[in-house]
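Take a look at the structure set out below.
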Amino acid sequence: MKVAGFTIVRNAIKYNYPIVEAIESVLPICDEFIVAVGKSEDQTLELIKSIKSDKIKIIETTWDDSLREGGKVLAVETNKAFAAISKDMDWCFYIQGDEGVHEKYLPIVKKAMQDNLQNNKVEGLLFNYKHFYGSYDYYAHARNWYRKEIRVVRNIPGITSYKDAQGFRINDRKLNVKQIDAEIYHYGWVKPPEGYTLKFRDFNKLWHSDEVVNQKFNETYTFNYENAGKLYLFKDSHPKVMQQRINQVNWKFDLDPTKVKAKSKVTYKVLDWIEKFTGYRFFEYKNYNKI
């Protein structure tokens, strides 16, 4: 069994993405790792080249910033990385530049790949998600945070990145996937206060016109944590590859998590109550078919 990892990245230093940690978190179970490095305003290419592994294969790309509808450029770039994977690879592990996998999950992922290698009905593996927010000490959980996503797919024709590269499809239909007992740690919302303004202003340019972005995120814009939902104290450990970055945190997350509440509408409260006691989330978006 052969496994490839793949990811895309641009301006990792400017936006403080833990891209090196993301790659290194899954590298141990990969035989090769494709990194599509977009032309950047910083030293992102040099950063990727500094990773000491002969598994890394870099392809240099140029993002088409005119592909703004629905973040399409992210899927286009992801497809470039996927297409560069060696044909003899069986499984492909996709990791985004602000994600990571705890080392405790790697044996679980590898076993799931091995167990389903000959079962062609399984086209991908579905992971649970934990979204860290404001600090490495807290994670968010509410209806506005996706709970699951595909991060391992077969290396077969027809599979492409979907919409804004959150998931995948095959020949424009949902993949048939197997749920596994492993989590992706999402760190995209762990930033110093000033980092949120930059994130929102520039990242929204992948979806909207400059006019819309400048109007919504002008010089007076201040991020107010309104999308947090509910915050919970994280009592477990982070991936070892993240520890140095965590130790270097130089800001204080001063939002009182006890005062962060989910949406107050009665409908949301009822749906949250049902999810809490049954584990089922009504009207949840699912870009996959579980088998």
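How about the stretch 92-134: which of its residues are touching a strand residue (DSSP E or B) at 6+ places or on another chain (Cβ under 8 Å), hydrophobic (A, V, I, L, M, F, W, C) and closer than 24 Å to ILE8 by Cα?
CYS92, PHE93, ILE95, VAL101, VAL109, MET113, LEU125, LEU126, PHE127, PHE132
Which condition breaks for LEU74 when tested against (1) closer than 18 Å to LYS14 by Cβ; (2) without any contact (Cβ under 8 Å) to a residue 60 or more places away in the chain?
With respect to (1) closer than 18 Å to LYS14 by Cβ; (2) without any contact (Cβ under 8 Å) to a residue 60 or more places away in the chain, LEU74 is out only on (2).
Kindly evaluate ILE59 against the criterion of being in contact with a Cys (Cβ under 9 Å, 6 or more places away or on another chain) and surrounded by 13 or more Cβ atoms within 10 Å (Cβ to Cβ).
Considered against the rule, which asks whether it is in contact with a Cys (Cβ under 9 Å, 6 or more places away or on another chain) and surrounded by 13 or more Cβ atoms within 10 Å (Cβ to Cβ), ILE59 comes out as no.
Applying the selection to the stretch 12-50, what residues are outside any helix (DSSP H, G or I) and surrounded by fewer than 17 Cβ atoms within 10 Å (Cβ to Cβ)?
ILE13, LYS14, ASP31, LYS39, GLU41, ASP42, GLN43, SER50
Can you name every residue in the stretch 30-59 that is of a type in the set (Asp, Glu) and either within 29 Å of ILE108 (Cβ to Cβ) or touching a Gly at 6+ places or on another chain (Cβ under 8 Å) (or both)?
Within the stretch 30-59, ASP31, GLU32, ASP54 meet the criteria.
Residues to consider are ASN176, ASN171, ASN250; find the one that is at pLDDT below 90 and not aliphatic (A, V, I, L, M).
ASN250
May I ask you to list pairs of residues, at least six apart or on different chains, whose Cβ atoms are under 7 Å apart, with the first in the stretch 8-24 being at positive phi and the second being of a type outside the set (A, V, I, L, M, F, W, C)?
Note: pairs meeting the criteria are ASN11/SER40; ASN11/GLU41; ASN11/ASP42; ASN11/THR44; ASN16/LYS191; ASN16/GLY195.
Rundown of residues vs (1) farther than 14 Å from VAL35 by Cα; (2) loosely packed, with under 15 Cβ neighbours inside 10 Å; (3) of a type in the set (Phe, Trp, Tyr), yes/no style:
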position: ASN79; (1), (2), (3): no, no, no
position: TRP91; (1), (2), (3): yes, no, yes
position: TYR129; (1), (2), (3): yes, no, yes
position: GLY134; (1), (2), (3): yes, no, no
position: TYR139; (1), (2), (3): yes, no, yes
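For (1) in contact with a helix residue (DSSP H, G or I) (Cβ under 8 Å, 6 or more places away or on another chain); (2) acidic (Asp, Glu), each residue gets a yes or a no:
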site	(1), (2)
GLY70	no, no
ALA81	no, no
ILE85	no, no
ILE95	yes, no
GLU103	yes, yes
ILE108	no, no
TYR129	no, no
ASP137	no, yes
ALA142	yes, no
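Looking only at the stretch 3-59, filter to residues that are aromatic (Phe, Trp, Tyr) and farther than 23 Å from PRO192 by Cα; which one of those is nearest to the chain's Cα centre (by Cα)?
PHE6
Which condition number does ARG151 fail, the rest of (1) at pLDDT below 95; (2) buried (at least 19 other Cβ atoms within 10 Å of the Cβ) being met?
(1)
Search the stretch 169-180 for residues being in a strand (DSSP E or B) and in contact (Cβ under 8 Å) with a residue 60 or more places away in the chain, and hand back the single one that is surrounded by the most Cβ atoms within 10 Å (Cβ to Cβ).
VAL177
Go through (1) modelled with pLDDT under 95; (2) surrounded by fewer than 18 Cβ atoms within 10 Å (Cβ to Cβ); (3) in contact with a strand residue (DSSP E or B) (Cβ under 7 Å, 6 or more places away or on another chain) for TRP189 and report which single condition fails.
TRP189 satisfies every listed condition except (2).
The values are calculated or read from the model by the stated rules, or taken from the named source; none is laboratory data. These numbers were taken from a predicted model, which means no experiment stands behind them. A quick note on method: Cβ atoms are made from the backbone with ideal geometry, for glycine too, and the neighbour counts reach across all protein chains shown.
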